[in-house]
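To keep things clear, I will list the structure first and then write my remarks on it.
The values are calculated or read from the model by the stated rules, or taken from the named source; none is laboratory data. Just so we're clear, the structure is a prediction, and the values are computed from it rather than from any experiment. Note: ideal-geometry Cβ built from the backbone for every residue, glycine included; neighbour counts use all protein chains shown.
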Amino acid sequence: MIHMSCPSCGATLKAPDDAIGRTTKCPECGTAMTVSEPIYDAEAIPDSDAALPKSAYGLDEPAASAAGAGAGSSPPGEERRPCPMCGEMIVATAAKCRYCGEIFDPALKKIESLKQAGTTEPGADMSTGDWVVALICSGIGCIAGIVWMIQGKPKGKKMFAVSLVAAVFWGIVRVFIEAASKQ
């Protein structure tokens with residue numbers, strides 16, 4: 001059910017969900033108006049630690065949302081403020097502007113920047129075991145790197161490159177050892 005108000009008389013009207021885009025008349029004043037899709041506000045970030053993997057990225061708790069509730073005709077308990085980037089009125093506790101997409105919460109902004117950098121998972125860098133396999137067992141390291149690249153893991157390229165360089169290095173060492181043993 002869509003709730004809307006008449007632009008002329010301010011009467012609160014209800015319309016079924018399938019009436020979006022249709023033109024109707026206000027039963028109070030007779031003004032013609034089009035039923036528009038409801039506007040959904042951004043959700044506030046929950047305080048639970050399970051909602052965001054903050055610890056995985058070394059982040060602190062999110063700071064309080066940007067200051068000030070905007071004035072206007074919003075229902076009680078739903079204070080609004082203008083978005084600092086686009087100026088549209090948004091819920092005061094919003095973590096992200098629903099109009100321009102600007103992120104206000106520092107923890108959410110950090111996670112988004114990590115996603116854009118391609119390090120979306122906490123274990124994106126190679127572990128000590130990965131380094132040992134890449135340097136000593138370079139053939140297995142190359143295979144593991146290829147598998148991780150296919151899976152889309154960021155450390156796959158690094159594992160493949162390190163293993164390939166190690167394979168070349170160990171090949172050169174083997175050539176020198178064979179040449180020295182023949183003399």
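A few points about this structure:
- Members of the stretch 124-161 found to be within 30 Å of the chain's Cα centre (by Cα) and touching a residue at least 24 places away in the same chain (Cβ under 8 Å), listed by number: Ala124, Asp125, Met126, Asp130, Trp131, Lys153, Pro154, Lys155, Lys158, Met159
- Residue match in the stretch 139-159 (condition: at pLDDT 90 or above and in contact with an Asp or Glu (Cβ under 7 Å, 6 or more places away or on another chain)): yes
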